[in-house]
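Down below is the structure, laid out as structure tokens.
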Amino acid sequence: MRLAVIVHLLGGIIRIYAVTFAAPILVAAWYGEWRDAYGFLGAGLLTLVIGVVAVRASPGIPDDFRRAEGMAVVSAAWLVVAVLSAIPFVWTGLGPIDALFESMSGLTTTGSTTLVDFSLYGKAFFFWRGLIMWVGGLGVIALFVAVLPRQAIAGRELFFAEAPGPTDEKLTPQLRQTAMALWKLYVGLSAAQVAALLVTGMPLYDAVCNTFATLAAGGFSPHAQSIMGYKNPAAEWVITVFMFLAGANFALQYRVLRGEPGALFCDEEFRAYSGIVVVSSALVAFYLWQAQMPVLAAIRHGAFQVVSILTTTGFASVDFELWSDQPKMVLLALMFIGGCAGSASGGPKVVRHLLVARFTILELARTLHPRAVLPVKLGGRVVPDAVMRAVVVFMLFYLLVFAVCTTIVALLGADLVTAITATIVTLGNTGPGFSRVGPMANFAHLHPLSKIVLTLAMWVGRLELLTVLALLQPGLWRKARWR
Amino acid sequence: MRLIIVGGGEVGHALARALSPDHDVFVIDHNPAVGDRFASLDVEFLPGSGTSLSVLRKAGVERSQLFVACTGQDEVNVVACALANQIGSPETICLVSREDFLGADGGSALLREHFGIDRVLWPEAQLAADIVRIIEAPGAIDAEEFLDGRVRLLEYRLEERSPLCAGPLATMHLPRGALVVAVKRGDQYMIPRGSSRLLPGDKVFLMGHPEPMRMIQSRLVTGRPARDRQSVTIVGGGDVGLRIAQQLDRSPDIDLRVIESNSARGEMLAATLSRALVLNGDGTDLELLEAEEIGRSDVLVSVIDNDERNLFASLIGRQLGVRKIITRVSKAGSLRLFERVGVDVPLSARGAAVASIVYGVKGGRSRLLAVLEEGQAEILELAVPAGFVSTPLMDLQAPPDSIVGAIRRGDEVIVPHGDDRIEGGDTLIVFTTAASADQVRDFFGPPAD
């Protein structure tokens, strides 16, 4: 563990990230929000200076970049970037803990908010909230890798540490091209969604901000009542479709666009994901229809809410806190699943559930046939033992972190449903939960310590636990030195 | 005719024995000790490598007419054939045991084009295909296909309750397009007539179009309705076992188990097969076989590369109550022994390869399609000369113990009765005992060329 290497890379990432501050400055200037513009300008300059100083103060990247250093860089980058992104929120009047919560929630595409009164903040504020979400959707490192070709080896370690799904999907032999391809797809999908939303009659500003939140599977809307506030069924369908895409594997979508139409539908994870969406939507729609909602509205809200929660977006087309317990139970179950690996969504991901389910079934079969050779397969290929072990360990850690955080939040005064859902929606980067953290409520009333714990949960959850948790091993730090 | 055989193993020895009485046979093997086995035969044994130019020249490759490479190593066989083809121009036959050289489509065309190999034989693949055919015909002890699958031959042992034993054959009302071509009672073959009666324990050979054969299969022979699900256990996941498993794995009506003792190989099998249950253990481990209820399998296929272990696994299977046992036998001489101790279908991969090579040397206007009952009976394809005068089948002075099972005329395939006619240009599929085979072959006179 060489701290100089970490600082150097961190500086490089921060320096590039500083550029994103330019966008809200322009928006603030356009709407005449000069005070906010100064805030963004100051934060942007500070970020740039920190980045440049860090790069200058440390030597260049050695050839023998290490795995642990990669994990440290990625973990630290997300934390530091979240802190820097929180500066404009503090400038506009949020308390530091709430500002960090809000900024981490945006960057990790969670969508949980501490804002109580939306009318206090300007256009640039909400634009910034959406923009960091959009960048976080594909990833800070993915941005870095796409822009900087130089750190070839380091880039590889960083790229996979940021999105350590069980399957490494690479589109091209060169990592930089892969990152570029993903960004192109991401930008293309975003443009398509903005256009579609404009057609449904949504104003440009709202269309852009909501698109940022949709494709990142984030869920921050500039409207206090989320998507429900627009009362626009066509827009709800558009957003449902794009949320569904945001929760599907981007690499596979790219291959579909490049002339491999079967790439998505042949993928077992995508099929399972689609199956979950269809079955859960039907279930929720049925319960809503039973509760006297008109059929079409029940189908629309059922599909919207199921896709929103499963992809960990967290938009609300209706205040589902008011629903009966049956459809809410369906949503609660979905919070533990998440979207596909290689997508913008959070949570444990469909593929991990798929693998663990198969593993369990095969272990059951083994009790009958103790001598049988029973490898876990995915898409006709055997999943190596090492990957399977990592998946099982991930799931166990996920439950452990969930249990610990829930306990802390509950002990600090939240009621049980609030504690459970607040933890799972932050750890899984979903957004709104039930009860006092429901879709029309917020997280501001929680104990400050709870908010810090949940902020960490978002951070750990976005990096899929192991990247961060691996750094907690004392042996790693005992040998730490400057270079 | 001068023949050169590279490789003095099982195949080489059987070939030399069959061909040495009529031809000049040279056998090349790198192991001089092998020469002792050929001492009793009238052949010339040359110690040395089949890929050595000097050894090949010593055997007189440039003057030879047939060159067979049958060592245990595919690469050696291919290179030896290529060299022989460069020096002289014999007909080259190359035996392979792995998929490598034939794997891709047109593999044998590639070998012909670039290495000058006229015929590639892959006995193990043939064996696997034979076994799959037999498994897919439940109850049958042998199953063959001719004319691209348009004619099937099935061999059954009649059981006590079989409706076919109820009366004279003429009263059996066999479905149209199917024929009882032969009956084997004890060691005697007979060609049945309408008045013949079949007895339980007889082996009957039926030939016909696939559809009526399917009807016969379920109804007439076993006297039991056909079961829709079969459970099959394969002992030994080697090349042959894997090929069989891959083909059976596709069929949803077959519950498949593969027992393989090598754990790494077992993992590879489990990765390749999607539905089969792969068990890591010894096929002769009674405890494992009992725990997995192997005795309830419909078919046990034992294809380990070792005759003794195959026999042992088969006998255990029989003891546990498996209904049908198919076993691979390497030493052609052991076939009858295997059958006597209770193996239903002993099959030798190399035996079939040897038979087809020997038959090719004899030549004529006929082709050997299949060898039945360890060589006691044969299925031949016979070309009728163009000038042949149209004759009803019953007026044909056919050799004894032979029968025409199918006629192909243009695109049509006829399963004939006595009043069907044979015309010039027809292709006949003929069942014959080995004793009458020579007569059948020469029935239409010597070959046209």
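Scanning segment A:371-406 for residues that are free of Cβ contacts under 8 Å to residues at least 24 places away in the same chain, surrounded by 13 or more Cβ atoms within 10 Å (Cβ to Cβ) and away from chain B (no Cβ under 14 Å) yields A:404, A:406.
Scanning segment B:341-392 for residues that are among the polar types (S, T, N, Q) and out of contact with any helix residue (DSSP H, G or I) (no Cβ under 7 Å at 6 or more places or on another chain) gives B:356, B:390, B:391. On the basis of being within 14 Å of chain A (Cβ to nearest Cβ), free of Cβ contacts under 8 Å to residues at least 60 places away in the same chain and either out of contact with any Leu (no Cβ under 6 Å at 6 or more places or on another chain) or not in a strand (DSSP E or B) (or both), does residue B:214 make the cut? Here the answer is no, as residue B:214 does not meet what is asked.
Residue B:274 fulfils the conditions (1) among the hydroxyl-bearing types (Ser, Thr, Tyr); (2) in contact with a helix residue (DSSP H, G or I) (Cβ under 7 Å, 6 or more places away or on another chain); (3) away from every other protein chain (no Cβ under 11 Å) except for a single criterion, (3). Any residue that is polar (S, T, N, Q), assigned to a helix (DSSP H, G or I) and at pLDDT below 95 - is there at least one of those in segment A:73-91? Taking every residue of segment A:73-91 in turn, at least one turns out to be polar (S, T, N, Q), assigned to a helix (DSSP H, G or I) and at pLDDT below 95.
Of the residues making up segment B:267-286, not one is of a type in the set (Lys, Arg) and buried (at least 19 other Cβ atoms within 10 Å of the Cβ). Just one of the numbered conditions (1) free of Cβ contacts under 8 Å to residues at least 24 places away in the same chain; (2) buried (at least 22 other Cβ atoms within 10 Å of the Cβ); (3) acidic (Asp, Glu) is not true of residue B:378: (1).
Look at segment B:112-132: where a residue is touching a residue at least 60 places away in the same chain (Cβ under 8 Å) and a partner is part of a loop (DSSP other than H, G, I, E, B) and of a type outside the set (Asp, Glu), sitting 6+ places away or on another chain with Cβ atoms under 7 Å, you get B:124/B:97. Once segment B:252-266 is narrowed to residues that are over 13 Å from residue B:241 (Cα atoms) and surrounded by 15 or more Cβ atoms within 10 Å (Cβ to Cβ), the residue that is nearest to the other protein chains (Cβ to nearest Cβ) is B:255. I want to confirm something. Restricting to segment A:332-370 and keeping residues that are closer than 14 Å to residue A:424 by Cα and without any contact (Cβ under 8 Å) to a residue 60 or more places away in the chain, which single residue is surrounded by the most Cβ atoms within 10 Å (Cβ to Cβ)? Here the answer is A:334. Scanning segment B:265-296 for residues that are part of a loop (DSSP other than H, G, I, E, B) and within 30 Å of residue A:383 (Cβ to Cβ) returns B:273, B:274, B:275, B:276, B:281, B:282, B:283, B:285, B:292, B:293. Candidates in segment A:407-434 are the residues that are surrounded by 18 or more Cβ atoms within 10 Å (Cβ to Cβ) and hydroxyl-bearing (Ser, Thr, Tyr); of these, the one that is nearest to the other protein chains (Cβ to nearest Cβ) is A:430. Applying the set (1) within 13 Å of chain B (Cβ to nearest Cβ); (2) part of a helix (DSSP H, G or I); (3) not basic (Lys, Arg) to residue A:355 leaves exactly one unmet item: (1). Got at least one residue in segment B:222-242 being under 19 Å from residue B:143 (Cβ atoms), among the aliphatic types (A, V, I, L, M) and in a helix (DSSP H, G or I)? Yes, that holds for at least one residue.
Kindly establish whether residue B:406 is crowded, with 20+ Cβ neighbours inside 10 Å, touching a Pro at 6+ places or on another chain (Cβ under 9 Å) and in the same structural domain as residue B:437 (by TED's automatic domain parsing). For residue B:406, the condition - crowded, with 20+ Cβ neighbours inside 10 Å, touching a Pro at 6+ places or on another chain (Cβ under 9 Å) and in the same structural domain as residue B:437 (by TED's automatic domain parsing) - is met. Assessment of segment A:333-349 against the conditions (of a type outside the set (A, V, I, L, M, F, W, C) and within 14 Å of chain B (Cβ to nearest Cβ)) yields no matching residue.
For segment A:72-100, the set of residues classified as crowded, with 21+ Cβ neighbours inside 10 Å and free of Cβ contacts under 8 Å to residues at least 24 places away in the same chain consists of A:86, A:94, A:99, listed by residue number. A single entry from B:334, B:330 fulfils the requirement of being touching a helix residue (DSSP H, G or I) at 6+ places or on another chain (Cβ under 8 Å), polar (S, T, N, Q) and either within 14 Å of chain A (Cβ to nearest Cβ) or in a helix (DSSP H, G or I) (or both): B:334. Kindly check whether there is at least one residue in segment B:55-70 that is crowded, with 24+ Cβ neighbours inside 10 Å, of a type outside the set (A, V, I, L, M) and under 23 Å from residue B:356 (Cα atoms). Yes, segment B:55-70 contains at least one residue that is crowded, with 24+ Cβ neighbours inside 10 Å, of a type outside the set (A, V, I, L, M) and under 23 Å from residue B:356 (Cα atoms). Return yes or no: is residue B:62 in contact (Cβ under 8 Å) with a residue 24 or more places away in the chain and in contact with a helix residue (DSSP H, G or I) (Cβ under 7 Å, 6 or more places away or on another chain)? So residue B:62 passes the test.
At least 2 residues being β-branched (Val, Ile, Thr) and crowded, with 18+ Cβ neighbours inside 10 Å is the threshold, and among the strands (runs of 3 or more DSSP E) wholly inside segment B:133-208 those reaching it are B:178-185. For segment A:174-218, taking the residues that are in contact with a helix residue (DSSP H, G or I) (Cβ under 7 Å, 6 or more places away or on another chain) and of a type in the set (S, T, N, Q), the one that is farthest from residue A:229 (Cα to Cα) is identified as A:190. Condition first: β-branched (Val, Ile, Thr), closer than 8 Å to residue A:124 by Cβ and buried (at least 20 other Cβ atoms within 10 Å of the Cβ). Can you find one or more residues in segment A:26-40 that meet it? Taking every residue of segment A:26-40 in turn, at least one turns out to be β-branched (Val, Ile, Thr), closer than 8 Å to residue A:124 by Cβ and buried (at least 20 other Cβ atoms within 10 Å of the Cβ). Of B:315, B:269, B:279, B:300, all but one fail to be away from every other protein chain (no Cβ under 13 Å), closer than 19 Å to residue A:371 by Cβ and at pLDDT 90 or above; the exception is B:300. The set of residues from segment B:1-42 being part of a loop (DSSP other than H, G, I, E, B) and in contact with a Phe, Trp or Tyr (Cβ under 7 Å, 6 or more places away or on another chain) comprises just one member, B:8.
The residues of segment B:308-329 that are closer than 26 Å to residue B:15 by Cβ and surrounded by fewer than 18 Cβ atoms within 10 Å (Cβ to Cβ) amount to a single one, B:308. When the residues of segment A:256-309 are filtered to those that are assigned to a loop (DSSP other than H, G, I, E, B) and in contact (Cβ under 8 Å) with a residue 40 or more places away in the chain, which remaining residue is surrounded by the fewest Cβ atoms within 10 Å (Cβ to Cβ)? Among those that are assigned to a loop (DSSP other than H, G, I, E, B) and in contact (Cβ under 8 Å) with a residue 40 or more places away in the chain, it is A:266. Being in a loop (DSSP other than H, G, I, E, B), touching a residue at least 12 places away in the same chain (Cβ under 8 Å) and surrounded by 21 or more Cβ atoms within 10 Å (Cβ to Cβ) holds for only one residue in A:248, A:235, and it is A:248.
The values are calculated or read from the model by the stated rules, or taken from the named source; none is laboratory data. Every value quoted in this text rests on a predicted model; they were computed, and no experiment measured them. Neighbour counts are summed over all protein chains in view; Cβ atoms, including those assigned to glycine, are modelled from backbone coordinates with ideal geometry.
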